[in-house]
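Taking it in order: structure first as structure tokens, then the write-up.
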Amino acid sequence: MADRLLAGSKTFYEKEFSSYLQEHGMSAYLVYAVDRVQREEARANSYLTPDNSNTDKANLEDFKKQLYATCIEKFTAEIQLEFSKFLVDDKRSGK
């Protein structure tokens, strides 16, 4: 189940972050993505607790770290892509 949740989260963030970036630009995206990562971490801390699941605390902590890393991975991938585009455009304009 954890693998499916992580894969689903990765797909979700790929679409969400990319879409938001295209619609709002890099400055707004940076603010949004940081907020989104913080909300995801808070949600994981609220819902992924030993009291709410059939797994031990160590496994839950590992899973929360993986979920958080998935979100961060998508966030940074979009930034790297946009920065690469910026550098190419900057070279073309001779700056």
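No value in this document is a laboratory result; all are computed from the given coordinates. If you're wondering where the values come from, they're calculated on a predicted model, not measured in any experiment. In this analysis, Cβ positions are derived from the backbone assuming ideal geometry, glycine residues included, and neighbour counts consider all displayed protein chains.
Per residue of the chain, what 222 nm ellipticity follows from adding -39500 (n - 2.57) for every DSSP H run with n ≥ 4, rounded to the nearest 500? Helices in the chain give a 222 nm mean residue ellipticity of -30500 deg cm²/dmol.
The label point for F12 and the one for Y68, both projected 7 Å from the Cα toward the Cβ, are 1.8 nm apart. When Y20, Y47 are sorted by how many other C-beta atoms sit within 10 angstrom of their C-beta, beginning with the fewest, the order is Y47, Y20. Ranking S93, S18, L5 by how far each Cα lies toward the positive end of the dipole of the chain (charges on Cβ) leaves S93 at the top. I need the shape label for the stretch 1-49. Rule: rounded when a/c is under 1.5, else prolate if a/b > b/c, else oblate, with a, b, c from the alpha carbon gyration tensor. Here the stretch 1-49 falls in the oblate category.
Rg over Rh for the chain works out to 1.11, using Cα positions for both radii and the Kirkwood form for Rh.
Pairs to check: K65/K91; K15/K65; K64/K91. Give those whose C-alpha atoms are more than 31 Å from each other in this structure. Don't skip to the end; give the middle numbers.
Working: K65/K91 38 Å; K15/K65 21 Å; K64/K91 41 Å.
In this structure, K65/K91; K64/K91 exceed 31 Å between Cα atoms.
Sorting check: for 58-71, 21-34, which peptide has the highest mean count of neighbouring beta carbons within 10 Å, and how do the rest follow? It would help to have the intermediate numbers written out before the result.
Numbers: 58-71: 15.9, 21-34: 13.6.
In descending order of packing, they fall as 58-71, 21-34.
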